[in-house]
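**Student:** One structure follows; several queries about it will come next.
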Amino acid sequence: MKALVALILLVQLPIHKAVPAAPPAPLGCDDPESVAAAEVAVNYINGRSHHGFKFALNRIEDIRVVPQGPNNDIIFLELDLLETKCPILSPTPLANCTVRSFAEHAVEGDCDVKMQKVDGMLSVLASKCHSHADSSEDIRKVCPDCPLLASLNNTEVLETVSAALNDYNSKTTDSYLRLLEIGRAKIQYHPTHTVVAEFAVGATNCSAEEAKANAGACQLLPEDQSNFGFCTAVMVKHPTQDLQVDCQLYGHQVPAPYTPLPCQDTSAGLVPSAVGFTNHNLGLSHNNPAASESSSSEILRSKLSAKSVTKRAVAEAAQHDKVPRPVGFVPLPPPCPGKIRHFDI
């Protein structure tokens, strides 16, 4: 009898089900955690770029977090970057690099990045980037007289770089410099006909004096002695002729930066690595073996998912806006995209 009563009382006890924990609120593009992830991603991208200039964060377009387990998240980022004035070979920290102004014919980079955060530690699993210069029409609207980017294999650009490097080597008492690549060039026709070229150089195992006999025999210094630098040349062709060259060598860096293949010797003509283009494309695509799938498939799925979520959010917002608001109501800003740090292209 006692057992029966106990059973009845047990059945009548309220049943408490475990309530699942609420999912964390989605990150906004300007949240500190999002910005920290973006900074890690940008450093990763610059660290694996081998041409042109360093890029700085301009805007976080989107962020999506996919929980994998306790203290383990996969993060998908869409980033807008802008080209800085720091060559990729420069040891200058990105924080000290100046972003090129809009009027300087800015170059924008678009990147999709897959990251992982485990116990608070961020790592990049995959990235995919491309870059493009702003349209000439946009520049002309803001600055009609500003020079535009010229093709890196433009004849006048090649002549300017060749003349500048020969001029520098003829005057220096240090190592003979060889061209690594042309990074940027602009041509202005009014009020003066001027060519401006920026190019990377490397020190060779010859002195400038030794190179006079046979410059073709001079080779770049080995990795453990490498010394790279960057030059800017300004050639005025009309109404008067003038050439100014400024070169800065960075000294040996440890670890040594990536060494681009040098172009042909200046005495034999120049062949830049980005033939027909006005800027080096930030065409990066890296996939960490730790990633479970390829960067392109993962990131593509992420973007498709993000687009569908965005469309749904817009529709819901439209319905939501029909609800009467109290006087003085100020809606919260959308979590993404984030703020523009420099300017929009």
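The values are calculated or read from the model by the stated rules, or taken from the named source; none is laboratory data. From a predicted model like this one, the values you see are computed outputs, not experimental measurements. Because the Cβ atoms are built from the backbone with ideal geometry, glycine has one as well, and the counts that use them run over all protein chains shown.
**Student:** Starting from region 126-151, keep only residues that are without any contact (Cβ under 8 Å) to a residue 40 or more places away in the chain, then list their pairs with residues that are of a type in the set (A, V, I, L, M) whose Cβ atoms are within a distance under 6 Å, requiring at least 6 positions of separation or different chains.
**Tutor:** S136/L148
**Student:** Can I ask one more? How many of the residues in region 40-87 are among the β-branched types (V, I, T), without any contact (Cβ under 8 Å) to a residue 12 or more places away in the chain and in a helix (DSSP H, G or I)? It would help to see each step written out before you state the result.
**Tutor:** At the first step, the residues of region 40-87 found to be among the β-branched types (V, I, T) are 40, 42, 45, 60, 63, 65-66, 74-75, 84.
Still in the running and without any contact (Cβ under 8 Å) to a residue 12 or more places away in the chain: 66.
Now restrict to residues that are in a helix (DSSP H, G or I): none.
Going through region 40-87 one residue at a time, the tally reaches 0.
**Student:** Here's another thing I want to ask about it. Can you report the number of residues in region 96-140 which are among the aliphatic types (A, V, I, L, M) and farther than 22 Å from D73 by Cα? Give the steps one after another, and end with the answer.
**Tutor:** At the first step, the residues of region 96-140 found to be among the aliphatic types (A, V, I, L, M) are 99, 103, 106-107, 113, 115, 118, 121-122, 124-126, 133, 139.
Checking which are farther than 22 Å from D73 by Cα leaves us with 99, 103, 106-107, 133, 139.
Counting residues in region 96-140 that are among the aliphatic types (A, V, I, L, M) and farther than 22 Å from D73 by Cα gives 6.
**Student:** Right, another one. Within region 224-235, which residues are over 27 Å from the mean Cα position of the chain (by Cα) and crowded, with 16+ Cβ neighbours inside 10 Å? Walk me through how you get there before you give the answer.
**Tutor:** Of the residues in region 224-235, the ones over 27 Å from the mean Cα position of the chain (by Cα) are 224-225, 235.
Across region 224-235, the qualifying residue is only M235.
**Student:** Still on this structure, I have one more. Quick one: which of V124, V195 is among the β-branched types (V, I, T), at pLDDT 90 or above and within 23 Å of the chain's Cα centre (by Cα)? Walk me through it before giving the result.
**Tutor:** Working: V195 fails: within 23 Å of the chain's Cα centre (by Cα).
Only one candidate qualifies: V124.
**Student:** Does region 152-190 hold any residues that are out of contact with any strand residue (DSSP E or B) (no Cβ under 8 Å at 6 or more places or on another chain) and assigned to a loop (DSSP other than H, G, I, E, B), and which are they?
**Tutor:** Matches in region 152-190: N153, T172, Y189, H190.
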